[in-house]
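Heads up, the thing below is written out as structure tokens.
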Amino acid sequence: MKTILPLISLLLVLALSPVQAGLLYLSPSSQHVHVGELVSVDVLVDGLSDSDEIVAGWDIQLLFSGLILQANNLEFALSNYTFDPDWDAIYDSDLQANSVKSFMTSFLLDDELFDLQTGPVLLFTLTFEALTDGFSWVTFGADPNFERNVVGRDGLSLPLSVQGACISVGQGNCATSIPEPASISLFAGLLLMPWFRKRLSRR
């Protein structure tokens with residue numbers, strides 16, 4: 001009985017985990033620039049076409065090292081969300097020393113947005129100035145409601161997996177990427193499955 005309980009717990013965790021509808025990510029995932037240069041990353045959502053989903057808005061916070069990078073511009077990809085930026089959406093951003101906050105809500109109908117959005121959907125482009133030698137991860141905040149929330153049809157949040165990026169400057173080098181916590185849990189669960197099966201077969 002003791003060996004069955006961990007297996008049941010693991011299966012419940014996996015079963016209750018939301019099915020990922022797509023990916024919220026930064027592109028490129030790794031790049032190198034010299035001190036004083038400008039460097040940009042695109043924030044995109046991909047993998048929605050199979051589920052007939054859209055991006056109707058978002059609330060996103062990106063985190064980075066203010067010692068290495070300085071955020072100096074955020075440009076919304078409004079052609080994916082509005083016909084007229086002055087009437088069809090509300091949007092704003094806040095560039096801080098170690099983070100950037102961005103939100104957008106489109107007032108278009110879901111089907112109108114679907115017609116505007118093809119392939120990977122670009123949300124916005126963020127530009128940094130490289131300050132000094134080193135490297136910085138650019139990652140999404142951890143709060144699913146206010147720091148990595150992308151809204152789809154009917155105003156419902158999309159269950160997206162996320163992927164950050166690394167920017168190296170001058171003599172700096174990007175370290176090996178670290179999987180998201182959800183990915184680590186799933187990977188660990190898959191690794192433990194043979195062990196649980198072996199324990200069960202002995203009984």
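The values are calculated or read from the model by the stated rules, or taken from the named source; none is laboratory data. The structure displayed is predicted, hence computed values, not measured ones. With ideal geometry, Cβ positions are generated from the backbone for all residues, glycine too; neighbour counts draw on all protein chains shown. For accessibility, only protein heavy atoms count, side chains too; no ligands or nucleic acids. Shrake-Rupley method; radii C 1.70, N 1.55, O 1.52, S 1.80 Å.
Worth a mention:
- Filter result for the condition that a residue is in contact (Cβ under 8 Å) with a residue 24 or more places away in the chain and farther than 17 Å from Ser29 by Cβ, over Leu113, Leu156: Leu113
- Every residue from segment 58-73 that is under 27 Å from Val35 (Cα atoms), crowded, with 20+ Cβ neighbours inside 10 Å and out of contact with any Lys or Arg (no Cβ under 7 Å at 6 or more places or on another chain): Leu62, Phe64, Ile68, Leu69, Ala71
Quick grid of which residues meet (1) surrounded by fewer than 19 Cβ atoms within 10 Å (Cβ to Cβ); (2) modelled with pLDDT under 95; (3) closer than 28 Å to Tyr81 by Cα:
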position: Thr132; (1), (2), (3): yes, no, no
position: Ser136; (1), (2), (3): no, no, no
position: Asn149; (1), (2), (3): no, no, yes
position: Leu158; (1), (2), (3): no, no, yes
position: Thr176; (1), (2), (3): yes, yes, no
position: Ile184; (1), (2), (3): yes, yes, no
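- Taken over segment 35-57, the criterion of being open to solvent by 10 Å² or more (accessible area, probe 1.4 Å) and either of a type in the set (Asp, Glu) or part of a strand (DSSP E or B) (or both) is satisfied by Glu37, Leu38, Ser40, Asp42, Leu44, Asp46, Asp50, Asp52, Glu53.
- Filtered residues of segment 20-34 (kept if under 18 Å from Val100 (Cα atoms) and in a strand (DSSP E or B)): Leu24, Tyr25, Leu26, Ser27
- Any hit, segment 13-34, residues being at positive phi, exposed (fewer than 15 other Cβ atoms within 10 Å of the Cβ) and at pLDDT 90 or above: no
- Scanning segment 102-128 for residues that are of a type outside the set (A, V, I, L, M, F, W, C), open to solvent by 60 Å² or more (accessible area, probe 1.4 Å) and part of a helix (DSSP H, G or I) returns Asp111, Glu112, Asp115.
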